[in-house]
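This report refers to the structure that appears directly beneath it.
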Amino acid sequence: MYNKAKQEYAAYGIDTDKAIASLKDIPVSIHCWQGDDVVGLDGGGAASGGIQTTGNYIGRARNFEELKADIKTAFSLMPGKKRLNLHASYAVGATVDRDKYEPKHFAEWVKFAKQLGLDGIDFNPTLFSHKNVKDGLTLSSPDEKIRNFWVNHCIACLHIAEYFADEFNGTCAFNIWLPDGFKDVPADRLTPRLRLKDSLDKILACGYDKRKVTVAVESKVFGVGVESYTVGSNEFYQNYAAKNNICCLLDNGHYHPLEYVSDKIPSLLAFYDTVALHVTRGVRWDSDHVVLLEDEVKEIAKEIVRNNATEKVKIALDYFDASINRLSAWVTGQRAMQKALLYALLINHSELKELQDGADFTALMVKQEEYKTLPFGAVWKEYLRREGLKEDYLTEIRQYENSVLKERV
Ligand code: RNT
Ligand code: ZN
């Protein structure tokens, strides 16, 4: 089947072996927080601040050992180059508060990620699920003590990110997301933003190593209970990032439903060296459903591949589903992202671009439709085979569920 597919794609000017080899090298950063419903290990409890995990499937990882075991099993079923995306709330054995976290609280994660042969660790300060989220605000709080606490937390995290970069001889993507906003019509929209701007200035002035840590800011349109106003809006962060030489993180659940991240990627690539992504699936709202091989995910992958931006765009996953087996959720989403990238790698983009520039929109439409029914599945299967994997991952996950997850009561 693969050889037949190879010939069919060759007729379109596409080398399937080359596509497979390229796919293997595109890193995808996988979020640790799918394994435990974003609870974390530092006692903060269930996710708060406008985000919510729904469902009650058996087997949530309740501690570091369980989370590691689940990650190990899930990652073993994922093809391609993998990075681990950690939140600060996953500190191990910390007896100090979040503003005093140190690399040593993450040394066990480094050891683990090296054992798994991962490409690196990415990092996120955790500005939610904590008593210092005061009246829903962190870095934009009117209370200076609260702002300082979170500034210090972010600075502490930047140094931990440098440590991750050093340990893996690479870079660490560092994403700042905060829940700050209001449920109802505010009386002042500007001052909280000015306070956030000032807090971010203080964080970035800490002297972190820019060659090692890529700082991103993640905007959002609204959250549960924070429907009317978000301090860190899209315009706020895009301007902040541009003026301060950091990058934007686009989460495709964070915009109005008719706005597309696939269209925002090339807009930002016109101005930025780096664009960070949280690939997710919002169903009617920022619901963080498991990523599936849907049209928008394919469009996102196309924008990355056809603009030669696989190194510029930092791909990370961000979803949390507690209503199904959590390992299956992890693997399904990661494989869907990989499939989308392979789909994009199996398109002769220069030919399509020529049709666009030559205004032959008729042929462009016909060709784009043809790609949809080429034997993509056969190439995907071959990729999995070369990665030592099968299409079926459910059997192994079911076994793990029966022998490990069911014991967690
Ligand atoms: C929330 C943001 C944020 C979080 C993670 C846990 O709406 O998407 O990225 O999901 O940091
Ligand atoms: Zn996100």
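Values quoted throughout were computed directly from the atomic coordinates according to the rules given, and no laboratory measurement underlies them. Given the structure is predicted, the values throughout are model-derived calculations rather than measurements. Heads up, the Cβs are rebuilt from the backbone with ideal geometry, glycines too, and the neighbour counts pull from every protein chain shown.
If a/c stays under 1.5 just call it rounded; otherwise compare a/b with b/c (prolate if a/b is bigger, oblate if not). Do that for segment 238-380, with a ≥ b ≥ c from the square roots of the Cα gyration tensor eigenvalues.
Values: a/c = 1.90, a/b = 1.14, b/c = 1.66.
Because a/c hits 1.5 or more and a/b fails to exceed b/c, segment 238-380 counts as oblate.
What is the gain in length, in nm to one decimal, between residue 363 and residue 18 on full extension, counting 0.36 nm per residue of separation less the C-alpha to C-alpha distance? Intermediate values should be presented prior to the final figure.
Values: separation 345, 0.36 × 345 = 124.20 nm, distance 2.57 nm.
Difference between extended and current length: 121.6 nm.
In nanometres, what is the gap between the two model label sites at residue 4 and residue 354, each 7 Å from Cα along Cα-to-Cβ?
2.9
Label residue 267 and residue 295 with points 7 Å out from Cα along Cα→Cβ: what is the distance between them in nm?
With each label placed 7 Å out from Cα toward Cβ, I get 1.9 nm.
Taking the square root of 5 times each eigenvalue of the Cα gyration tensor, what semi-axes in Å does the equivalent ellipsoid of segment 1-145 have, largest first?
Output for segment 1-145: semi-axes of 38, 18, 16 Å.
Compare the peptides 349-355, 308-314 by average per-residue count of other Cβ atoms within 10 angstrom and give them in order, highest first.
Packing order, densest peptide first, comes out as 308-314, 349-355.
So what is Rg over Rh here for segment 56-208, counting just Cα atoms and using Kirkwood for Rh?
1.02
Report the label-to-label distance for residue 76 and residue 166 in nanometres (one decimal), using points 7 Å from each Cα along the Cα→Cβ vector.
It is 3.3 nm.
So, by mean Cβ neighbours within 10 angstrom, what's the order for 19-29, 388-398 with the highest one leading?
Output ranking for 19-29, 388-398: 19-29, 388-398.
Can you tell me the length gained on complete extension of the stretch residue 194 to residue 135, counting 0.36 nm per residue apart and subtracting the Cα distance? Please report the intermediate quantities before stating the final value.
Numbers: separation 59, 0.36 × 59 = 21.24 nm, distance 1.76 nm.
Length gained between residue 194 and residue 135: 19.5 nm.
Between residue 46 and residue 202, what length comes free when the chain is fully extended (0.36 nm per residue of separation minus the Cα-Cα distance, one decimal in nm)?
Result for the pair: 53.3 nm of gain on full extension.
Output the direction-averaged projected area (hull surface divided by four) of the convex hull of the alpha-carbon atoms of segment 1-83, in nm².
The directionally averaged projection comes out at 8.6 nm².
Any chance you could list P(r) for the chain, counting all Cα-Cα pairs in 10 angstrom bins from zero, rounded to whole %?
For the chain, the binned pair fractions read 5, 22, 32, 25, 12, 4, 0 percent.
In whole Å, what is the distance between the alpha-carbon centres of segment 216-281 and segment 343-379?
About 29 Å separates the Cα centre of segment 216-281 from the one of segment 343-379.
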